[in-house]
1. Rounded, prolate or oblate: pick one for the stretch 77-146, where a ≥ b ≥ c are the square roots of the eigenvalues of its C-alpha gyration tensor, a/c under 1.5 means rounded, and failing that, prolate if a/b is larger than b/c, else oblate.
2. To the nearest Å, what is the center-to-center distance of the stretch 13-57 and the stretch 80-139, using C-alpha atoms only?
3. Hey, got a sec? Which trypsin sites (Lys or Arg not before Pro) in the stretch 34-125 land in a DSSP loop and have at most 13 other Cβ atoms within 10 Å?
4. Would you mind checking which residues have amide H under 5 Å from THR239's amide H? H placed 1.01 Å from N; only 5 or more apart, or other chain.
5. Of TYR166, SER112, TYR17, which is farthest on the positive side of the dipole of the chain, counting Cα position, with +1 on Lys and Arg Cβ, -1 on Asp and Glu Cβ, and the Cα centre as origin?
6. Listing CYS90, CYS224 from the residue with the fewest other Cβ atoms within 10 Å to the one with the most, what is the order?
7. Relative to the Cα centre, what is the charge dipole magnitude of the stretch 2-243, using +1 at the beta carbon of each Lys and Arg, -1 at the beta carbon of each Asp and Glu, and rounding to the nearest 20 debye?
8. Please identify the DSSP H helices in the chain that span no less than 15 Å along the helix axis (Cα) and have a mean Kyte-Doolittle hydropathy of -1.0 or more.
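Just so it is clear, none of the values below were taken in a lab; they were calculated from the coordinates. Note that the structure is predicted; figures quoted are calculated from it, not measured. Ideal geometry is used to build each Cβ from the backbone, glycine not excepted, and the neighbour counts take in all protein chains shown.
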Amino acid sequence: MLTEAQFKTSLYCPELYRLDGNILEVSASQNIIYESIKEVYLLFLKNNLFDFNKDLIKIIKTNIANYHPSLSTIDDIQYLVSWAINIINCYFKIFPITIYTPLATNFSPTVSTEFISLKLELDLILVEDANPSKIHTVNFYPMVTKHIKENDFLISIKIQCLKEIYSHISSNIPVKIHYLSVPSATFRNKSQKNYSFSHVSSGKVKKQHKVNFLNAQKKYLESCDSLHTIPYCPNTNCTKRKECTYG
Ligand code: SF4
């Protein structure tokens, strides 16, 4: 079984995939934001969200200890807590919890084709309180640009998959995919207060995405069978550069 991150990594660079790299890897500070948002929803799903602000601060502090254990100064920790609170409040302005209620976190449905079995990775599934109800899925990424909307062919595959899964709610339930990212904390401009998510969304199933998905599966299979050779890799930021033959 192939995960979405593995599939995308192998299409980007088969060598990176072989070295167990991940092009969807997020930074420590992004992890604090993304995991904290998911944990707030988990408390909500378990009916354990009693005091939003208090519970949020507790979650953020635990995640700072988990993802940024090397932070030593009180000043840095306080900065990261207030940075995270500000950004997470921005998130809940986009998806107010009174309108968008959670159905699931870390949802991973499988799509099987004649070539591969692919585990899709969906950080959140929300249902919008509207008439008719609408399903939203939120995917947290290291970086989001408009380019994703046109080129990530898995958008259409995810929409189709969720329409089938939630067809019991309505036979043609609207589904919208959202990709969100925040820049990592820099610890440099600590007085900055204006933060925002980069956000793209789509609710359309495109024929071209389906064609591209088929071509990508063939490319993936080809790359498994042949040795990856390139003369020189210009990606100086690659996390596996030191281990890579081409770096
Ligand atoms: S250095 Fe370049 S070729 Fe090597 S794994 Fe990274 S992206 Fe791939």
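1. Taking the square roots of the gyration eigenvalues as a ≥ b ≥ c, the stretch 77-146 is oblate.
2. The two parts, judged by their Cα centres, are 11 Å apart.
3. Here the trypsin sites (Lys or Arg not before Pro) that fit, given the DSSP loop and packing criteria, are LYS46.
4. Excluding prolines and chain starts, which carry no amide H, there are no hits.
5. Of TYR166, SER112, TYR17, it is TYR166.
6. With the sparsest Cβ surroundings first, the list reads CYS224, CYS90.
7. 520
8. 28-45, 52-67, 74-94, 154-165
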